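See below for the structure under consideration.
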Amino acid sequence: MNEEKRISVVLIDDHKLFREGVKRILEFEPTFDVVAEGEDGTEASKLVKENNPDVVLMDINMPNMNGVQATADLVRYFPNTKVIILSIHDDESYVTHALKTGAQGYLLKEMDSDSLIEAIKVVSEGGSYLHPKVTHNLVLEYRRLAKESAITNIDHGIEYRKPLHLLTKRECQVLQLLADGKSNRAVAETLYISEKTVKNHVSNILQKMNVNDRTQAVVSAIKKGWVEVI
């Protein structure tokens, strides 16, 4: 049996208690190695240079140098190391700023352990991962901007066309729930299926839509009128 590739992680967060909690979660997973910890953005480059981690978990609000500034340095000098931002802010301005800087993931600190583990694995493989609540807020903002710039008569609304020529009925349901901001677990509970089945559906959706991650899938689906966002 092939062993799963181990993923090295550096934690940067000025709250020791939170850092210890995240470390404890990751230590229970045989896939992860927490190779270093820091409490300030100024430590990030030094720790990455010394440990060459696959992923850095970076708090967004820290003294001296915040997570976004530290991320910009890491992206510039250590492009092979992926950064996931940890934040209490779900406002889209924080998210877009972090992503523009080069972060590959954005997680809210209210996340569950499953989301944390999934995010690290996805990002380490070159994908991107946003907390479901963050994805939903970005989608809402996209819809708001789209409505403001629309030249057509929006009073008549948008005709939503289910992409049954491309996706199965079940995949359409999963796509709609992703647009609603639901996690894999929430989708599984809503449709009374297993999380593994949900992951398979998501993988099929990404492949059929020719996109890299669920956020791109949702945004593309909105543009095409395949999902409804209220």
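The values are calculated or read from the model by the stated rules, or taken from the named source; none is laboratory data. Just so it is clear, the structure is predicted and the values come from calculations on it, not from any experiment. Don't worry about glycine lacking a Cβ; one is built from the backbone with ideal geometry, like all the others, and counts go over all protein chains shown. These area figures cover heavy atoms from the full protein model, side chains too; ligands, DNA and RNA do not enter into them. Shrake-Rupley method; radii C 1.70, N 1.55, O 1.52, S 1.80 Å.
Numbers at a glance
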quantity: Greater than 31 Å apart at Cα, pairs in K16/K121; K169/K223; K46/K208; K5/K223; calculated: K46/K208; K5/K223
quantity: Exposed-site-free run, longest, the chain (rule: GluC sites (Glu not before Pro); DSSP loop; at most 16 other C-beta within 10 Å); calculated: 5-109
quantity: Candidate aspartates and glutamates - alpha carbon under 18 Å from K224, same-chain residues fewer than 8 apart omitted; calculated: E141, E148, E159, E171, D180, D213
quantity: Solvent exposure of the range 7-137 as accessible area per residue, Å², 1.4 Å probe; calculated: 45 Å²
quantity: Selection of trypsin sites (Lys or Arg not before Pro), the range 6-56, meeting DSSP coil and at most 16 other Cβ within 10 Å; calculated: R6
quantity: Per-pair calculated FRET efficiency, R0 = 22 Å: R76 and T96 via Cβ, rounded to 0.05; calculated: 0.70
quantity: Under 5 Å, built H, 5+ apart or other chain: amide partners of Y106; calculated: I85, Y129, L130, H131
quantity: Accessible surface of the chain, 1.4 Å probe, proportion on carbon and sulfur as whole %; calculated: 49 percent
quantity: Qualifying chymotrypsin sites (Phe, Trp or Tyr not before Pro) in the range 1-99, DSSP loop, other Cβ atoms within 10 Å at most 14; calculated: F28
quantity: Degrees between helix 214-224 axis and first principal axis of the chain (Cα, 0 to 90, nearest 10); calculated: 20 degrees
